[in-house]
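Reviewing the structure listed below.
The values are calculated or read from the model by the stated rules, or taken from the named source; none is laboratory data. Predicted, not measured: the structure shown is a model, and the values here were computed from it. Note that each Cβ is placed from the backbone with ideal geometry, even for glycine, and that neighbours are counted across all protein chains shown. Ligands, DNA and RNA are stripped out before the accessible areas are found, and what is left, the full protein with its side chains, is counted by its heavy atoms. Shrake-Rupley method; radii C 1.70, N 1.55, O 1.52, S 1.80 Å.
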Amino acid sequence: MSSKPEQKETHQANGAVLPVVPVDCLTSPDRGQLVEPSDFLGPDGDGVEVVVLESRANAKGVREEDALLENGSQSNESDDTSTDRGPEPASPLKETSFSIGLQVLFPFLLAGFGTVAAGMVLDIVQHWDVFKYVTEVFILVPALLGLKGNLEMTLASRLSTAANIGQMDTPKELWRMITGNMALIQVQATVVGFLASIAAVVFGWIPDGHFSIDHAVLLCASSVATAFIASLVLGMIMIGVIIGSRKMGINPDNVATPIAASLGDLITLALLSGISWGLYKELESKAYVNPLVCAFFIALLPIWIIIAKKNAATREVLYSGWEPVIIAMAISSVGGLILDRTVSDPNFAGMAVFTPVINGVGGNLVAVQASRISTYLHMSGMPGESSETAPRKCPSPCSTFFSSDVNSRSARVLFLLVVPGHLVFLYTISSMQGGHTTLTLIFIVFYMTAALLQVLILLYIADWMVHWMWGRDLDPDNFSIPYLTALGDLIGTGLLALSFHVLWLIGDRDSDVGD
């Protein structure tokens with residue numbers, strides 16, 4: 001019939017199938033008035049039925065065509081979106097086990113040597129007057145060292161994901177990400193540092209019931225100043241590392257978090273020791289210095305909050321990112337209590353120098369894995385979206401370590417780095433005559449067992465936690481790494497303490513565990 005094109009337009013505009021007859025049959029040739037139905041009905045009345053059936057058929061074709069057009073439009077919109085983001089970043093799916101291991105190896109060793117250096121520094125500064133007479137400073141050590149996992153490594157993971165999905169390709173986007181994230185970590189560092197000092201005062205007061213207001217203010221000033229300066233320095237280093245990695249064609253997920261960890265322990269511990277020592281020297285002659293330092297850094301909080309709120313990328317974290325940071329600090333403090341109770345026993349004095357190493361290595365490796373999984377999920381959509389890459393159920397250990405996907409491959413590579421890495425770090429400690437333990441075969445076996453078990457547990461928890469958070473509309477870059485690194489501190493310290501207790505019980509005198 002000659003009315004098919006107009007009939008198609010009518011049904012396409014209406015978006016529904018209606019049992020009506022063609023428009024040109026209802027109107028006169030000049031479209032001025034309606035034609036009576038009797039003008040086009042046949043003698044047997046079949047005309048209307050034929051027209052209705054033909055209209056339905058055409059409408060069905062229109063619906064199918066509309067669906068195709070809609071899908072094509074969505075595809076074009078998706079393509080346009082990806083085009084607007086800049087050049088397509090290199091997908092982690094193209095990485096081989098060799099390339100992953102090669103990129104991770106150097107930062108991993110650098111991070112390990114950083115933890116070794118932190119352990120040696122702690123072994124020296126523990127004899128300073130401020131550590132002797134204000135013993136609560138020891139309680140600050142695990143909480144402030146944990147900031148690298150709570151803040152700096154989270155920042156590195158967040159910026160690595162942004163770089164990989166093309167959100168830092170233009171200078172305007174790069175500047176926006178830098179200012180917003182730097183202001184955010186200053187807010188978090190100041191608040192966490194203040195809370196850590198309160199926890200140190202409480203934990204120091206509970207055992208003996210002694211409280212000193214001067215020592216409390218000293219702890220507050222030392223903690224806040226250390227957290228602020230360390231986060232500022234490490235944040236700037238992380239930004240440079242990520243930008244440099246992108247320009248060199250290296251996946252920032254593989255290098256940013258280990259470098260943050262390598263420098264985090266050493267810089268934070270050195271700052272805490274130096275600041276607390278300087279403020280302790282001023283405590284007697286200039287008692288007003290400590291309150292002024294504490295008040296100065298807290299007074300800067302509103303400025304950082306305003307800057308972070310203006311950035312859409314950090315506004316959500318500013319409101320919702322406190323739970324993992326504070327809970328992680330509490331978990332690390334429990335690990336610190338285990339360390340404090342263990343090293344206070346002369347039989348286990350040698351444990352102190354190894355604790356930063358085993359905790360640092362475990363935290364570094366699991367942070368790399370969590371950052372890689374998060375980037376992989378971000379490339380498939382947004383948090384909360386149903387995706388085949390984000391299973392809701394708890395994964396099996398076989399799927400975590402022995403499947404063919406890229407995340408399982410990276411988990412195997414990271415796990416295989418544990419033994420050779422720790423052997424290098426143990427040799428370094430022994431050659432520098434650190435600690436009070438001789439490296440015997442049985443000691444190395446127990447130490448390696450604890451290290452392997454720690455990393456095995458952490459990698460499995462990371463696989464479950466990152467996907468679990470993703471399925472519940474939580475960005476893993478902001479929520480997973482603080483929990484994982486804090487769990488690394490707790491599990492590593494607990495397993496290492498257990499190993500030293502077993503070595504002491506079986507009488508491994510050759511390793512001088514009890515010296």
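Below are the figures for this structure:
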{"read-out": "Global geometry of segment 97-506, whether rounded, prolate or oblate, following the gyration tensor of its Cα atoms and the 1.5 cut on a/c", "value": "oblate"}
{"read-out": "From phi via Karplus (6.51, -1.76, 1.60), per-residue ³J(HN,Hα) for segment 399-407 in Hz, x at Gly/Pro", "value": "5, 6, 10, 10, 7, 9, 6, 5, 5"}
{"read-out": "Listed peptides 110-117, 335-342, 122-129 by packing density, highest first (mean Cβ within 10 Å)", "value": "110-117, 335-342, 122-129"}
{"read-out": "Segment 97-506, relative contact order in percent, only Cα pairs under 8 angstrom and at least six apart counted", "value": "27 percent"}
{"read-out": "³J(HN,Hα), Karplus 6.51/-1.76/1.60, whole Hz, each residue of segment 492-500, x for Gly, Pro", "value": "x, 5, x, 5, 5, 4, 5, 4, 5"}
{"read-out": "Karplus 3J(HN,Hα) series, Hz, for segment 299-312 with 6.51 cos²θ - 1.76 cosθ + 1.60 (x for Gly, Pro)", "value": "5, 6, 3, x, 5, 5, 5, 4, 5, 5, 5, 6, 9, 5"}
{"read-out": "By accessible area with a 1.4 Å probe, ligands and nucleic acids excluded, highest first: order of 97, 222", "value": "97, 222"}
{"read-out": "Sequence of 236, 379, 182 when ordered by accessible area, the most exposed leading, probe 1.4 angstrom", "value": "236, 379, 182"}
{"read-out": "Peptides 359-370, 441-452, 264-275 ordered by average Cβ neighbours within 10 Å, highest first", "value": "359-370, 264-275, 441-452"}
{"read-out": "Ordering of 494-502, 455-463, 475-483 by packing [mean C-beta count within 10 Å, highest first]", "value": "475-483, 455-463, 494-502"}
{"read-out": "Rounded Å value of the spacing that divides the Cα centres of segment 414-489 and segment 210-285", "value": "21 Å"}
{"read-out": "Dipole in debye (nearest 20) - segment 97-506, about Cα centre, beta carbon charges: Lys, Arg +1; Asp, Glu -1", "value": "700 debye"}
{"read-out": "Modelled FRET efficiency - R0 60 Å, residue 419 with residue 281, Cβ distances, 0.05 increments", "value": "0.85"}
